[in-house]
Amino acid sequence: MRTAKLTLSLFVLAFMGASLQGAVPINITSATADGFYKAGDVIAIQVTFDEIIFVTGTPQIKLETGTPNAVVDYASGSGTTTLLFFYTVAAGHTASDLDYVSTDPLQLKGGTIKNGAGEDATLSLPIPGTAGSLGANKQIVIDTAAPAPPQAPDLQASSDSGSSSADNVTGITMPAFDIIGVESDATVTIFSSVEGALGSTLVAEGSESCSLSLAMPLSEGGDHRSSAGQGRERQRCFGGHGA
């Protein structure tokens, strides 16, 4: 009988000394595709816990986007294992590989995040750039700066029908151009002063030049002047050129 009482006492002491742990964030990712994003684009951020959690109020997550950093409100997910935040890219934000800040990225702001037993969730997220972090899971680039204008389009010699092969005068209705001063992975578009956009091409990764043939013929008899624009997600900058 004494042995039984001793065993029960040890069990009670062990239980009283145990610390109860709430839900733990285990993975932060995004349903948004990898790629380049500009001001006005919306990126979904997902914070997944190791058990179902319940939210009150409007917790926030802070993202590393330069000065200022983006502070994003909780949107939905209470009663599930994953909380959803929608980040709208603002002018001036920049990130070569989007992630959250390293210090206190997840904040309650007067709200709560608890499991079904009412235990507070852990707010510490995986260290930025390590396994389970947003930066490790995704390759999302924030680029809100407009690209510099490319140099004026230059008619390829085979398309130049003027008095020389370098005077940039042509009578060909579907000429081809060389363009330099472009950005890697940017979309370059040729514009006519008469007919607007005539064709586009994607600059190869690591390249600073490209060639472009028109997708539609120039109208005959017009005095067309060409310009080139480049951008990510259709941002455009212009450089004038006579053709």
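Rule-based calculations on the coordinates, nothing more; no lab input. Keep in mind the model is a prediction, meaning the values are calculated, not measured.
Observations on the model:
- Taken along its three principal axes, the alpha carbon spread of the stretch 25-144 comes to 43, 27, 23 Å, from the longest extent down to the shortest.
- Relative contact order (%) - the stretch 25-144, alpha-carbon pairs under 8 angstrom, separation at least six: 35
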